[in-house]
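The values are calculated or read from the model by the stated rules, or taken from the named source; none is laboratory data. Computed from a predicted model, the values in this text were never measured in an experiment. Neighbour counts run over all protein chains shown; Cβ positions are idealised from the backbone, glycine included. Ligands, DNA and RNA are stripped out before the accessible areas are found, and what is left, the full protein with its side chains, is counted by its heavy atoms. Shrake-Rupley method; radii C 1.70, N 1.55, O 1.52, S 1.80 Å.
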Amino acid sequence: MEVLDLLEIESEVSLPKRYSQLSVEEMAARVKEIKAKFGNRLFIPGHHYQKDEVIQFSDARGDSLKLARICSQMPEAEFIVFCGVHFMAETADMLTKPGQKVILPDLRAGCSMADMADIDQTETGWKKMQEIWGDTILPLTYVNSTAAIKGFVGKHGGATVTSSNAKKMLEWAFTQKERILFLPDQHLGRNTAYDLGIPLEQMAVWAPLEERFEYAGDFEDVKVILWKGHCSVHEKFNINHIQNLRDKEPDTKILVHPECTYDVVQASDLNGSTSFIIETIEQAEPGTRWAIGTEMNLVNRLAAENPDKEVISLNPFLCPCLTMNRIDLPHLLWSLEKLEQGEVVNQITVSQDVKEYAVLALEQMLKRS
Ligand code: SF4
């Protein structure tokens, strides 16, 4: 049985039936009441990919970098109820003070990309890489990774990156070592390295399940080793979506996230982080039309909040991120009502031995962003 299945059972047992019988209005009123009661002892960060029913109650809305920073600056918040996914709650736990409690309203809110790199696979791959290239590699990990992977990276002198600072972090990494191992998203790694002028021929892919490299060139030429992971949402945009749109609506601008594949990023008009996407749409000329290649909750919200522009999804059949969507109003209310009763449910804690090194990786990033 998969871990997520186990968590599902646990979570469904934990969430009492009455939450499915309450109306949206009743739940919203209770959330407001509890928030008012706790004041600044309670802080609710909300990721841009969260549903409207949840994001409306967030005290701060942001991408993972912004939320990580904000959580580290909230010493008065005794409880941080994180509306996002598991790795974000882990990061919040690592950047907050002892005694502050981080809660994930539904433990099933994981991230399929983060799950594509586990620590045993990483140790195995690293050993193989050391045999080939010796001490010439600096590991970097996208923040969309488990605390254990961040710990691995910190232990080896590397850093975390987000989509908004990936370029800057890669530039820094090349001042430290000759080569980079980029975990766990091959697309962000490839797109960023290519932007820095590294040709595709100098990028090898490490396939952790097969424990082998996907690379046909000379190993001596390799500058970037890409972990074979991806985001299941952003991989659903393909070159046909772009070609169809170009044929039918040549005036529509195409803006995608760098978690999309290399060919999609190359064929788009613009690409950039979640913050870049939001700012570009906010600052666009009224009357312009945009097709966006990113998560659906965010695209729908951009369309609603920018009625003077036309905003559509690059893939009209895309669904929202399933795991982000696990955080819903019933789970948010349940975790808050438990707090009101003096009980902390679904607390996320990172062990001290992992935290010690993972924080080093996070701090390397935060001081350069
Ligand atoms: Fe993970 Fe992709 Fe969902 Fe983000 S959108 S949480 S990277 S699966």
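Based on what the data block shows, is residue 167 at pLDDT 95 or above and under 26 Å from residue 86 (Cβ atoms)? Outline the logic, then answer.
Numbers: at pLDDT 95 or above: yes; under 26 Å from residue 86 (Cβ atoms): no.
When the stated conditions are applied, residue 167 does not pass them.
Can you tell me which residues in segment 323-350 are without any contact (Cβ under 8 Å) to a residue 24 or more places away in the chain, in a loop (DSSP other than H, G, I, E, B) and under 26 Å from residue 95 (Cβ atoms)?
Hits for segment 323-350 are 342, 343.
Suppose we keep only residues that are more than 12 Å from the ligand (Cβ to nearest atom) and at pLDDT below 95 within segment 296-333. Which one would you say is most open to solvent (accessible area, probe 1.4 Å)?
Selected residue: 317.
Among the candidates 186, 176, single out the residue that is touching a strand residue (DSSP E or B) at 6+ places or on another chain (Cβ under 9 Å) and open to solvent by 60 Å² or more (accessible area, probe 1.4 Å).
176
Which pairs do you get when a residue that is of a type outside the set (A, V, I, L, M), found in segment 291-314, comes within reach of a residue that is assigned to a helix (DSSP H, G or I) and more than 16 Å from the ligand (Cβ to nearest atom), reach meaning Cβ atoms under 6 angstrom, with the pair 6+ apart or on two chains?
Matching pairs, first to second residue: 306/281.
If you check 220, 235, 201, 211, which single one turns out to be surrounded by fewer than 18 Cβ atoms within 10 Å (Cβ to Cβ) and closer than 14 Å to residue 117 by Cβ?
211
Please pick out the residue among 113, 129 that is open to solvent by less than 10 Å² (accessible area, probe 1.4 Å), at pLDDT 95 or above and away from the ligand (no atom under 16 Å from the Cβ).
The match here is 129.
Select from segment 72-107 the residues that are open to solvent by 10 Å² or more (accessible area, probe 1.4 Å) and over 18 Å from residue 148 (Cα atoms) and list them in ascending order.
Residues satisfying the conditions are 72, 73, 74, 75, 76, 78, 79, 97, 98, 99, 100, 101.
Quick one: how many residues across segment 116-125 are away from the ligand (no atom under 16 Å from the Cβ), buried (at least 18 other Cβ atoms within 10 Å of the Cβ) and either of a type in the set (A, V, I, L, M, F, W, C) or under 21 Å from residue 333 (Cβ atoms) (or both)?
Adding up the residues that qualify gives 0.
Return the total of residues in segment 10-39 being in a helix (DSSP H, G or I) and at pLDDT 95 or above.
So the count comes out to 16.
Keeping to segment 199-208, report how many residues are assigned to a loop (DSSP other than H, G, I, E, B) and closer than 23 Å to residue 131 by Cα.
Selection size over segment 199-208: 1.
With the condition kept exactly as written, say whether any residue in segment 341-359 is surrounded by 21 or more Cβ atoms within 10 Å (Cβ to Cβ) and over 27 Å from residue 55 (Cα atoms).
Within segment 341-359, one or more residues are surrounded by 21 or more Cβ atoms within 10 Å (Cβ to Cβ) and over 27 Å from residue 55 (Cα atoms).
Within segment 132-152, can you find the residues that are open to solvent by less than 50 Å² (accessible area, probe 1.4 Å), β-branched (Val, Ile, Thr) and under 29 Å from residue 220 (Cα atoms)? Explain how you work it out, then say what you get.
Initially, segment 132-152 is screened for residues open to solvent by less than 50 Å² (accessible area, probe 1.4 Å), giving 133-134, 136-152.
Now drop any that are not β-branched (Val, Ile, Thr), which leaves 136-137, 141, 143, 146, 149.
Scanning segment 132-152 gives 136, 137, 141, 143, 149.
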